[in-house]
Amino acid sequence: MTLACSGTTTAATTTAAGPVVTEPVPVTTTIVAATSVAPSTVATTAGPTVAWPPEGFDEMGLPLGDTVWAVALAETPDQRRQGLMGVESLPERSGMLFVFPEDTVAQFWMKDTLIPLDIAFFTAEGSLVDVQTMTPCREDPCPRYSAGAPYRYALEAAAGALAGLTADDRLPVEALASS
């Protein structure tokens, strides 16, 4: 999952005539998912697999409803841009929690995300704002997904995994402060 990231970079090449030409080059990221029981690896289209959580991401057990989720924390702008891009599958009760430093109305998109995902948006106090299912997008323009109201946290999991959340389910923000 990415936040307003095209999934490409540019590469410079020299043509026969001599001028430098820049062209888009797809960026492929390898991310690994895990369950709360045992580590697991997931290979993407290129590169070696790595242990969960992805390098540079902290992980925590996140109680939500009657389930404890194994989540990687996307707390920096770079982590939020990378998100779950390139992941081929997610085990049950695992996902990524996007943590924003202040309330936001940022939109999510699914460019270069390989699997359908649910996303649940939560306020700074932990109240559920909205739950949506997002579908992968291979070509621009990709749909944007919005909470419809300011939020502080967004939890992504495999499609269908968050469908049972209700307004009574609260994100334990006090647990996030101590992580």
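Filtered by the rule that a residue be at pLDDT 95 or above, in contact with a Ser or Thr (Cβ under 7 Å, 6 or more places away or on another chain) and not in a loop (DSSP other than H, G, I, E, B), the stretch 106-127 gives a lone residue, Asp118.
If only residues of the stretch 115-131 that are of a type outside the set (A, V, I, L, M) and crowded, with 19+ Cβ neighbours inside 10 Å are counted, the one that is farthest from the chain's Cα centre (by Cα) is Phe122.
So that you can scan it fast, the table gives a plain yes or no per residue for (1) at pLDDT 70 or above; (2) part of a strand (DSSP E or B); (3) within 18 Å of Leu165 (Cβ to Cβ); (4) in contact with a His (Cβ under 6 Å, 6 or more places away or on another chain):
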residue	(1), (2), (3), (4)
Ala16	no, no, no, no
Thr28	no, no, no, no
Thr35	no, no, no, no
Ser40	no, no, no, no
Ala46	no, no, no, no
Pro54	no, no, no, no
Pro63	yes, yes, yes, no
Gln79	yes, no, no, no
Pro91	yes, no, no, no
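In the stretch 76-114, the qualifying residues are those that are surrounded by fewer than 18 Cβ atoms within 10 Å (Cβ to Cβ) and among the charged types (D, E, K, R), and the one that is nearest to the chain's Cα centre (by Cα) is Arg81. Just name the residue that is farthest from the chain's Cα centre (by Cα) out of those in the stretch 132-161 that are hydrophobic (A, V, I, L, M, F, W, C), surrounded by fewer than 20 Cβ atoms within 10 Å (Cβ to Cβ) and more than 18 Å from Arg80 (Cβ to Cβ). Among those residues, the one meeting the criterion is Ala149. Residue count for the stretch 133-157 under the criterion of being without any contact (Cβ under 8 Å) to a residue 60 or more places away in the chain and not in a loop (DSSP other than H, G, I, E, B): the result is 8.
The values are calculated or read from the model by the stated rules, or taken from the named source; none is laboratory data. Keep in mind it's a predicted model, so treat the numbers as computed, not measured. Note that each Cβ is placed from the backbone with ideal geometry, even for glycine, and that neighbours are counted across all protein chains shown.
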